[in-house]
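So the structure is just underneath, and the comments pick up after that.
The values are calculated or read from the model by the stated rules, or taken from the named source; none is laboratory data. Everything quoted here is computed from the prediction, not taken from an experiment. Cβ placement follows ideal geometry from the backbone for every residue including glycine, while neighbour counts extend to all protein chains displayed.
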């Protein structure tokens, strides 16, 4: 029974809409695992070439790995939570609830897709942890265990019952990270102090305590009613919306895009505030560009998904494709500018030269357009966990890879601006071509 | 004769709040073994909320649903083995699975308590009865009527003591409707209780022994069909009468 149920849950999460779901599930799982192994070994070998101090204490290594696992897993899960609309997953939970299954099994099946995602992240991270441990001369076993505990603790933290709203989760998670980092800083400065010797234990306990979230979640399994249509909060907008603003209104009404935008802005603000509080002078332009463009790209992936994938009524009845693309493009650019604003302001404090600022802004806008392109290709709809994850990872990967391939970070501001603008224009042309082809082929099997 | 039947499901002081403006309140209901009850009411009156509470999808904050003396929430697994649900929504099917895969999944779940071979035989029998043949098509690609047939087979597969149906006739062709009705009748004669939510008053009058009428979350009528017809001429006339009076 368990293999059949697990297969159903994984198909619903990772192969939604596939014509051959079992084959797609196997293919996507292998792709995910393959990518984790390939990228893990690539980054792992890069770590061995880094200058990591040889006298690093084992306790410090363990704490750092636990925090790295906690942070990376939390960040990925928060992005997925912000992109996800709960209704689709609720349907699967409803199907499971009509079946005579015991509480433990239903609880496990509900978490299975997330466990798979964390496991892929863990496989990727394990290569890095092993490489780092070997570089400093320790047996990697303890560091790997600490890293995996950190990964799953982040999920436990996000399951805590008090964190039931996306923005509260984001704020609480970054608050926790801030406190843990402060504790780590304090320990490094006062490692000989009597109290300081207990700080690593306190940090590990704090991270492990987050696993209480699993317990609370298990206790609440079966005590919650099926989600109700009335519980979805729609943003009220005037009925007399000008046609030009119709798409913006649709995005604002959609809980998924709303959460995604708010989360991206909040993350950007938190990163900017964090850099400013810690050491703003050490922030590099490439980091500001990278963070802003990744956040913009992750949001932009969701924009196209607001309009239905194969029956684009908005395209054929309300407007032409050109009008739809104009709306999508304008909103994406505007949202990317807003998402990148905190980081742009941070950079303005570092380097107020005009071209440098324009280069940062253009990278954020290009990130948005790249995200829109990926969203146009994959059209991740609500609840399609696999497609959402894939589009987010692909868009982020493209945003990271493009400047490296074109060596933009080493180039001057004018060349950087030209590079980002050219990729934006290319992406827009591709988006137009894809939508045009999709419209022409509509109705053909 | 009717009065001597065993009461097998009771709903007691049920209160469910679905929004700031809607609350379902059911003071008391009982369902007999081998009985047929139709829940009728206008759109948004609370029919589906009541149905989903009976099958355990909605947990009531106040009140209880008891099946054969067991609390539906505390003895969830035992109660769900006794209840079959036929929903009126395509979302209850995993669109990517084929019908055969979906039935295999259900067979594997129910095989803990019934022989697998028997369950597979029942799937074939039910499919023959409902003229369902598209075993190897993905559920998402099936017509509305065929999806409904899959849901009927899924709901009846484990021979439940209670069958809760939401809009049985939706999407089915006349032959399938006749066959599905005949199937439910046979189950009812065999001792299964049928609880159906519907808008179709003509069908409810013909099918059910007992009618529960709901308006804005409140049970405004709970009576035998023959008595309703004797008093008002038809269920439809009584429905209009009751709704007009309350309005």
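Exactly one residue among A:257, A:263 is over 30 Å from residue A:108 (Cβ atoms) and modelled with pLDDT of 80 or more, and that residue is A:257. Among the residues of region A:151-177, those that are in a helix (DSSP H, G or I) and over 23 Å from residue A:295 (Cα atoms) comprise A:152, A:153, A:156. All of B:168, B:183, B:156 fail the test of being closer than 27 Å to residue A:100 by Cβ, surrounded by 22 or more Cβ atoms within 10 Å (Cβ to Cβ) and at pLDDT 90 or above, apart from B:156. Considering region B:6-27, the residues that are under 18 Å from residue B:164 (Cβ atoms) and away from chain A (no Cβ under 14 Å) include one that is surrounded by the most Cβ atoms within 10 Å (Cβ to Cβ), namely B:9.
The number of residues in region B:108-161 that are assigned to a loop (DSSP other than H, G, I, E, B) and either more than 14 Å from every other protein chain (Cβ to nearest Cβ) or more than 17 Å from residue B:81 (Cα to Cα) (or both) comes to 11. Of all residues in region B:85-95, those satisfying the criterion of being more than 9 Å from chain A (Cβ to nearest Cβ) and at pLDDT 80 or above are B:86, B:88.
Output the number of residues of region B:28-53 satisfying the condition of being part of a loop (DSSP other than H, G, I, E, B) and within 12 Å of residue B:164 (Cβ to Cβ).
If we filter region B:28-53 for residues that are part of a loop (DSSP other than H, G, I, E, B), which is where we start, we get B:33-35, B:42-46.
Subsequent filtering for residues that are within 12 Å of residue B:164 (Cβ to Cβ) retains none.
The total comes to 0.
A search for C-beta distances below 7 Å between a residue of region A:168-193 that is more than 18 Å from residue A:76 (Cβ to Cβ) and any residue that is surrounded by fewer than 17 Cβ atoms within 10 Å (Cβ to Cβ), counting only pairs 6+ apart in sequence or on different chains, returns A:183/A:202; A:187/A:196; A:190/A:196. Taking the criterion of being assigned to a loop (DSSP other than H, G, I, E, B) and either touching a residue at least 40 places away in the same chain (Cβ under 8 Å) or in contact with a strand residue (DSSP E or B) (Cβ under 8 Å, 6 or more places away or on another chain) (or both), the residues of region B:199-233 that qualify are B:199, B:208, B:209, B:216, B:217.
Tallying residues that are more than 8 Å from every other protein chain (Cβ to nearest Cβ) and either buried (at least 21 other Cβ atoms within 10 Å of the Cβ) or part of a loop (DSSP other than H, G, I, E, B) (or both) within region B:67-78 yields 6. If residue B:58 satisfies every condition in (1) part of a loop (DSSP other than H, G, I, E, B); (2) farther than 30 Å from residue B:241 by Cα; (3) away from chain A (no Cβ under 11 Å) but one, which is the exception? The number of the failed condition is (3).
The set of residues in region B:193-202 being surrounded by fewer than 22 Cβ atoms within 10 Å (Cβ to Cβ) and in contact with a helix residue (DSSP H, G or I) (Cβ under 8 Å, 6 or more places away or on another chain) consists of B:201, B:202.
Okay, residues lined up against (1) surrounded by 21 or more Cβ atoms within 10 Å (Cβ to Cβ); (2) over 22 Å from residue A:341 (Cβ atoms):
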| site | (1), (2) |
| --- | --- |
| A:387 | yes, yes |
| A:395 | yes, no |
| A:411 | no, yes |
| A:418 | no, yes |
| A:425 | no, yes |
| A:430 | no, yes |
| A:439 | no, yes |
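The residues on offer are B:210, B:205, and the sole one that is surrounded by 15 or more Cβ atoms within 10 Å (Cβ to Cβ) and over 18 Å from residue B:169 (Cβ atoms) is B:210.
From the list A:206, A:143, the one residue that fits, being over 24 Å from the mean Cα position of the chain (by Cα) and assigned to a helix (DSSP H, G or I), is A:143.
The conditions of being within 14 Å of chain B (Cβ to nearest Cβ) and modelled with pLDDT of 85 or more are met by residue A:106. Just one of (1) at pLDDT below 90; (2) farther than 18 Å from residue B:165 by Cβ; (3) touching a helix residue (DSSP H, G or I) at 6+ places or on another chain (Cβ under 6 Å); (4) more than 8 Å from every other protein chain (Cβ to nearest Cβ) fails for residue B:98. It is (3). Among the residues of region B:28-55, those identified as under 28 Å from residue A:106 (Cα atoms) and buried (at least 23 other Cβ atoms within 10 Å of the Cβ) are B:46, B:47, B:49, B:50, B:51, B:52, B:53, B:54, B:55.
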